[in-house]
Amino acid sequence: MLKEFRQFAFRGNMVDLAVGIVVGTAFRDIINALVKDVLAPIIGAVIGEVPDFASLSFVINKSRFMYGDLINTSITFALIFFALFFFVVRPMNMLVEHTKKTAPLTKKCTECLSEIPLEAKRCSYCGQVVA
């Protein structure tokens with residue numbers, strides 16, 4: 001049973017998942033710090049202060065609905081989304097586009113039109129000799 005557990009725990013996917021979770025947690029902290037320490041003060045500088053909606057609420061039949069925290073969380077989500085898009089996704093997309101402009105690594109088979117390596121002398125899909 002211990003051997004079986006060890007095989008499960010050290011399987012490639014499990015280790016990759018653990019590393020991904022740890023890196024994701026650290027990355028979350030970086031993005032949260034960017035939003036809290038950079039973007040929120042910029043908003044505060046533009047409008048005078050960083051708004052806090054936590055105290056907003058309304059009452060219906062003696063039940064208090066605290067909707068201000070939802071507004072704060074939604075604004076934080078939007079700022080995190082903004083930070084991720086402009087500081088991670090766009091630079092990564094530009095990097096991917098830049099690497100695509102290099103020389104191609106594959107060519108098309110003239111017979112079946114599948115992608116094969118440039119150095120291939122025969123198509124691995126249809127067996128056609130490729131010049």
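Laboratory data are not the source of any read-out in this text; all were calculated from the coordinates shown. None of the values given here were measured: they were computed from a predicted structure. In this analysis, Cβ positions are derived from the backbone assuming ideal geometry, glycine residues included, and neighbour counts consider all displayed protein chains.
Think of it as helices only: each DSSP H run of n ≥ 4 in the chain is worth -39500 (n - 2.57), and spread over all residues that comes to -16500 deg cm²/dmol at 222 nm. The label-point distance for Lys3 and Asp29, in a model that sets each label 7 Å from Cα toward Cβ, rounds to 4.0 nm.
Dipole of the chain computed with +1 at Lys/Arg Cβ and -1 at Asp/Glu Cβ about the Cα centre; of Ile30, Thr76, Tyr125, farthest Cα towards the positive end is Tyr125. Using the average count of surrounding beta-carbon atoms within 10 Å as a protection proxy, the listed peptides 96-103, 64-71 rank, highest first, as 64-71, 96-103. Think of the chain as a dipole: +1 on every Lys or Arg Cβ, -1 on every Asp or Glu Cβ, centred on the Cα centre; then among Phe5, Leu113, Gly48, Leu113 lies furthest on the positive end. For the peptides 33-40, 118-125, 15-22, the ranking by mean Cβ contacts within 10 Å, running from highest to lowest, is 33-40, 118-125, 15-22. Taking 0.36 nm per residue of sequence separation and removing the Cα-Cα distance, the Ala18/Phe86 pair yields an extension gain of 21.8 nm.
Report which label in [x] 29, 17, 11; [y] 54, 15, 12; [z] 50, 26, 16 holds the value of semi-axes √(5λ) of the Cα gyration tensor in Å derived from the coordinates of this structure. For semi-axes √(5λ) of the Cα gyration tensor in Å, the calculated option is [z]. Candidate membrane-span-like segments in the chain, meaning DSSP H helices with Cα atoms spread over at least 27 Å of their own axis and a Kyte-Doolittle mean of 0.5 or above, are 12-34, with no membrane implied. The charge dipole of the chain, taken about its Cα centre with unit charges on the Cβ atoms of Lys, Arg (+1), Asp and Glu (-1) only, comes to about 480 debye.
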